[in-house]
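Here's the structure, in C-alpha cells; my notes come after.
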Amino acid sequence: MKKQLFLLLAMGLVFFASCGGQKSTQPQEGEFDYTVEQFADLEILRYQVKGFEDLSLQQKELVYYLSQAALEGRDILFDQNGKYNLRIRRMLEAVYTDYSGDRTDSNFVNMETYLKRVWFSNGIHHHYASDKFVPGFTEDFLRKALESIDASKLPLEEGQSLDDFCAEIFPVMFDPSVMPKRVNQAAGEDLILTSACNYYDGVTQKEAEDFYNSLKNPSDSCPVMFGMNSRLVKENGKLQEKVWKVGGLYSPAIERIVYWLEKAAGVAEDAHQKAVIEKLIQFYNDGDLKTFDDYCILWVKDLAPRVDFVNCFTESYGDPLGLKASWESIVNFKDLEATKRTETISANAQWFEDHSPVDPRFKKEEVRGVSAKVITAAILGGDLYPSTAIGINLPNSNWIRSHYGSKSVTIGNLTDAYNKAAHGNGFAEEFAYSNAEVALMDKYGDLTGDLHTDLHECLGHGSGKLLPGVDQDALRAYGSTIEEARADLFGLYYVADPKLVELGLVPDGEAYKAEYYSYMMNGLMTQLVRIEPGNTVEEAHMRNRQLIARWALENGKAENVVEMVKKDGKTYVRVNDYEKLRGLFGRLLAEIQRIKSEGDYAAAHDLVEKYAVQVDPALHQEVLERYKELHLAPYKGFVNPVYTLVKDGDGRITDVEVSYTEGYAEQMLRYSKDYSVLPNVNE
Ligand code: ZN
C-alpha cells in the first residue's frame, strides 16, 4: 500500500505541498535547486539524497547495485500499462531526437509535451486519472515527421512498412474511442475489456474472475496472491497465465534485474539481508508465488541494515480486478535523525494516552506506539517514478501482515523536496491572512506538518478503545471520516503540548501555531481547490478536515477564536486565539472519541452532515479563481540523481558519487537507451 501525496495532505501534512509550481526566487549559489520544469498539469522536481556521503563504501555499493536493478524494470511497467506504450514511446523519442524540421512549430512543441507526459505516465494514459491523452498535434504532422527520419530508428516489426505501422498505432493515439481509459472502474461494464492495461488478453471479466476464483481454497489460511505476477491470456480457446519471470514474459528485463541483484547480494549488510535478496532472485527465476511469500516474510523481518529496498511486482491499483501487480522499485536508507523523532513519539505513547482530554472510560490501559521509520530515497523506479508515493506500507498480503507485521515508512527527503519547492510559490502569500501567518508557516510549517503526521499515524489511530460490545462497523458510512478526524484531532491537540518542547521535538511553544493556522486555512478554504465546481466534499480525509475546521469556527464564535474576514474583496481565515483553539480541538476530540467508543451512529451522522459535506458555492468559486491565477501544477514527480562508480587504477571501486544535474528529458532518453531491453511487442 502506498500513501500518495494527496493522502498525506489529507492527514494534515503541509497543505501547500499539493500546490508547488512556479518559483518566484532563484536558489542561491550552493543552495539545492528542487525545481526542474513544468508542463501540462505536471511539475518535475528533484530530491536530495542527504547523508549518502556518510554511508560506508559497502553501503554505497549496495545502493548503487540496487539502483541499477531499480531502473531495469522501467519497460516492464510501460508494457503493463498498455501493449502499444513501448512502441509509441520509442517512435516519439526517435522523432524528438532526429527530427530536422522546425522545432518551434506548434505541432512539434505539442508533440514534445505529449512525449513528456508519456514518460511521466509510463504510457499514453494519465497517471492519476487514467484517461488517454489528447495529442495536440496532427496525424499528418506525425506521419511526415516519421517519413523524414531514418526508418531503422523506428520501432517497426520485422517486414513492417511505415504505412502498416501508422495504421496500427495511430488509432491508439488519435482515436478517442480506442483504449480511452487505462483502468475502467465503471460498474456494469466489462472492466477488463474496457480497460487498456495489458494484464489480460482476449479474456472477459467473467472468465478472469472464474479462473481466479477456481484457484482459491477457502480453507487455506495462508493463501498466495493469485495472479499477481502474470498476464492472463486465452490461447486456442484455453485460459493460461504468462508468468513474468526469467524464461517467461519480460525475461530480458528481469534477467538484467537479477544480474544487479546478484551484485547487490555480494555487498549485503548482513547475512539476513543477503538471504532476502537471494530469495527475491529465486522468485524472479521460478515465478512461484509461494517463493514470493517466503521473500516477503524475510523482507519484513529485515530491520537491522541501514539500506533497504522494494523491487518487484507490488501494487495492484492498475488492474481493474486488483490482482495484477505493477512493477516498482525504491532504494533507500534509514534517516537516523528523523527516525529518532518517530521513536521518541512511540516511546511516550502511554503518556500521551493518559493525558488526552478523553473520558477515561474510552482510554487504552496499555497502548503501544507503532514504530515507523523515516527513510531517504536514493532512487525511484517503475511505478514509483517519476510520480511517487511519500509513504509506503508493505507487504500487501493480509495473512503475512497479521502474522509478521509490515514495514511502514515515510520518505523524508521527498516530503522535504515538496515542501521546499512549495516555499515561495505564492500559495501561502495568496491565501494566508497576513505576512505574519506566512512567516509563521515558513519558519515552522515543515516541521509541525511532519510532526502532526507522526502523531496522527504513530499514536492517533492506535489510541482509545471501543466499549465492550460495540460493533467496530457501527458508524457505517461515517466510520472513516470519524476515524480520520479522531487521529487528526489527537495530533492537533498534542502538537501544541509543552511535552513536545520538553521532548525536544519542537524548538518552542510557538511552533504549533503554524500547523493550527495551515490546518484551519486548509479545512475552511484551500482544500476546495481539489473539488470541481458544484460538487460536495466526498473523500473521507477531506471531510474530516472540513468537519474539524468548521466545527471549531462555529463553536469558537462566541469568543471569536477563529473568524473568516474579508480584505480587498478576498476571504481569509484569521485565528485570534490559538490557545482557545487548542481547547476546542480537545473538546471535539473528546466528543469524537465518545462517538467512536459508544458507536453512536446518530451523532456521527449529525456531525458529518452538518460540518463536513456541504460547500459554500461563492467561497468555492473564489478559491478556485485565486488558485488558477497562481498557475500551479496539481501533480508532481521527480527526476532521479545519477550515481557513478569511482575506481582506482586497478579497477577497484573506491567510492560512489551522486550528482543532481541531469534534466528531465535527458534522464528519460538515457533510461530509454541504457535500460531498455524489452522487444517492442511482448507476447
Ligand atoms: Zn489516518
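Evaluated against (1) within 11 Å of the ligand (Cβ to nearest atom); (2) in contact with a Gly (Cβ under 8 Å, 6 or more places away or on another chain), residue 457 falls short on exactly one condition, (2). Working carefully through the options 90, 74, find the one that is surrounded by fewer than 22 Cβ atoms within 10 Å (Cβ to Cβ) and under 30 Å from residue 192 (Cα atoms). None of the others qualify; the one that does is 90. Here is the figure for segment 186-216: residues that are loosely packed, with under 15 Cβ neighbours inside 10 Å and among the polar types (S, T, N, Q) total 3. Residue 530 passes every criterion in (1) more than 16 Å from the ligand (Cβ to nearest atom); (2) under 15 Å from residue 572 (Cα atoms) apart from (2). Of everything in segment 357-388 that is among the small types (Gly, Ala, Ser) and surrounded by fewer than 23 Cβ atoms within 10 Å (Cβ to Cβ), the residue that is nearest to residue 467 (Cα to Cα) is 369.
Among residues that are basic (Lys, Arg), in contact with a helix residue (DSSP H, G or I) (Cβ under 9 Å, 6 or more places away or on another chain), crowded, with 18+ Cβ neighbours inside 10 Å and touching a residue at least 24 places away in the same chain (Cβ under 8 Å), residue 596 is included. Only residues that are part of a helix (DSSP H, G or I) and surrounded by 16 or more Cβ atoms within 10 Å (Cβ to Cβ) were counted across segment 655-668, and they come to 4. When 479, 523 are screened for being assigned to a helix (DSSP H, G or I), within 16 Å of the ligand (Cβ to nearest atom) and surrounded by fewer than 24 Cβ atoms within 10 Å (Cβ to Cβ), only 479 passes.
The rows are residues; the columns are (1) in contact with a helix residue (DSSP H, G or I) (Cβ under 6 Å, 6 or more places away or on another chain); (2) among the aromatic types (Phe, Trp, Tyr).
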{"residue": "550", "(1), (2)": "yes, no"}
{"residue": "558", "(1), (2)": "no, no"}
{"residue": "563", "(1), (2)": "no, no"}
{"residue": "578", "(1), (2)": "yes, yes"}
{"residue": "604", "(1), (2)": "yes, no"}
{"residue": "612", "(1), (2)": "yes, no"}
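Taking (1) closer than 16 Å to residue 344 by Cβ; (2) part of a loop (DSSP other than H, G, I, E, B); (3) within 16 Å of the ligand (Cβ to nearest atom) in turn, residue 464 satisfies each apart from (1). With respect to the conditions (1) assigned to a helix (DSSP H, G or I); (2) within 16 Å of the ligand (Cβ to nearest atom); (3) more than 23 Å from the chain's Cα centre (by Cα), residue 451 falls short on a single one, namely (3). List the pairs whose first member sits in segment 671-682 and is at negative phi, whose second member is surrounded by 14 or more Cβ atoms within 10 Å (Cβ to Cβ) and part of a loop (DSSP other than H, G, I, E, B), and whose Cβ atoms are under 6 Å apart, counting only residues at least 6 apart or on separate chains? Pairs found: 675/72; 680/155. Candidates are the residues of segment 290-311 that are hydrophobic (A, V, I, L, M, F, W, C) and at pLDDT 95 or above; the one that is surrounded by the most Cβ atoms within 10 Å (Cβ to Cβ) is 309. Just one of the numbered conditions (1) over 26 Å from residue 681 (Cβ atoms); (2) crowded, with 17+ Cβ neighbours inside 10 Å is not true of residue 250: (1). Among residues of segment 542-555 that are closer than 14 Å to residue 615 by Cα, those with a beta-carbon under 9 Å from a residue that is of a type in the set (Ser, Thr, Tyr) and surrounded by fewer than 20 Cβ atoms within 10 Å (Cβ to Cβ) at least six positions away or on a different chain give the pairs 543/480; 544/480. Taken as a whole, segment 153-167 holds no residue that is in a loop (DSSP other than H, G, I, E, B), in contact with a Pro (Cβ under 6 Å, 6 or more places away or on another chain) and closer than 26 Å to residue 678 by Cα.
Exactly one residue out of 671, 627, 572, 643 is in a helix (DSSP H, G or I), buried (at least 17 other Cβ atoms within 10 Å of the Cβ), of a type in the set (Phe, Trp, Tyr) and at pLDDT 95 or above: that is 671. The residue that is farthest from residue 343 (Cα to Cα), among those in segment 482-510 that are within 11 Å of the ligand (Cβ to nearest atom) and among the hydrophobic types (A, V, I, L, M, F, W, C), is 485. Residue 178 falls short of the stated requirement of being part of a loop (DSSP other than H, G, I, E, B), touching a Cys at 6+ places or on another chain (Cβ under 7 Å) and under 21 Å from residue 122 (Cβ atoms). All of 314, 339, 291 fail the test of being without any contact (Cβ under 8 Å) to a residue 40 or more places away in the chain and in contact with a strand residue (DSSP E or B) (Cβ under 6 Å, 6 or more places away or on another chain), apart from 339.
In a helix (DSSP H, G or I) and hydrophobic (A, V, I, L, M, F, W, C) - does that describe any residue in segment 317-331? Checked segment 317-331: no residue is in a helix (DSSP H, G or I) and hydrophobic (A, V, I, L, M, F, W, C).
Taking segment 628-683 as the range and being among the hydroxyl-bearing types (Ser, Thr, Tyr), under 25 Å from residue 416 (Cβ atoms) and over 23 Å from the mean Cα position of the chain (by Cα) as the test, the residues that pass are 643, 644, 659, 661.
Do you know which residues across segment 548-569 are loosely packed, with under 12 Cβ neighbours inside 10 Å and of a type in the set (Val, Ile, Thr)? The answer is 565, and nothing else. The set of residues in segment 40-72 that are under 27 Å from residue 124 (Cβ atoms) and aromatic (Phe, Trp, Tyr) contains only 47. Screening segment 119-141 for residues that are buried (at least 16 other Cβ atoms within 10 Å of the Cβ) and aromatic (Phe, Trp, Tyr) and picking the one that is farthest from residue 75 (Cα to Cα) gives 141. Considering 172, 183, the condition of being modelled with pLDDT under 95, touching a Phe, Trp or Tyr at 6+ places or on another chain (Cβ under 8 Å) and surrounded by 15 or more Cβ atoms within 10 Å (Cβ to Cβ) is satisfied by 183 alone. Can you confirm whether residue 474 is surrounded by fewer than 24 Cβ atoms within 10 Å (Cβ to Cβ) and under 18 Å from residue 362 (Cβ atoms)? So residue 474 passes the test.
The values are calculated or read from the model by the stated rules, or taken from the named source; none is laboratory data. Every value quoted in this text rests on a predicted model; they were computed, and no experiment measured them. So basically every Cβ, Gly included, is an ideal-geometry build from the backbone, and we count neighbours across all protein chains shown.
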